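Notes follow the structure.
Derivation of every value follows stated rules applied to the coordinates shown; laboratory data play no part. Note that the coordinates shown come from a computational prediction; the quantities given were computed from them, not determined experimentally.
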Amino acid sequence: MGEPNKASETEPPEYPESEKLRGKQEQAFTLSEFLDWCEGKGVVLCKTHDADYFYTPVSAGNEAIIYAFLGVNLERLNAEREAMLSEKRKDDAARQDPFC
């Protein structure tokens, strides 16, 4: 058998944000459950402003908070997902049987 393709090991992934999520589904699910539990108990994530101990609620939704924690850019991830869907649609259209 041959050696692994070295070029593919050094090339950046086609969908880098999606790649960051690989294997982190359980962690994301656990974080989601925890944030939902906090909301159910009335616990609100807040951020501080200045040294006056002035707090304001974090306006980001749970999904944005989870992805930020995991180091994933949500806007780029959504763009990658759209690109994947577009690519899949093109592939499916190319495989359509014109006689059906």
In degrees rounded to 10, the 0-90 angle between helix 74-95 Cα long axis and the longest Cα principal axis of the chain is 20
Subtracting the Cα-Cα distance of Gln25 and Ala79 from 0.36 nm times their residue separation yields 17.5 nm
Karplus (6.51, -1.76, 1.60) ³J(HN,Hα), θ = phi - 60°, over the range 41-56, in Hz, Gly and Pro reported as x:
8, x, 7, 10, 6, 10, 10, 8, 10, 6, 9, 8, 6, 8, 10, 10
Taking Lys20 as the anchor, which aspartates and glutamates have their alpha carbon closer than 19 Å to its alpha carbon, excluding any fewer than eight residues away along the same chain?
Glu9, Glu11, Glu63, Glu75, Glu80, Glu82
Per the Debye formula with a single identical scatterer at each Cα and no solvent contribution, what log10 I(q)/I(0) holds for the chain at q = 0.17 Å⁻¹?
-0.96
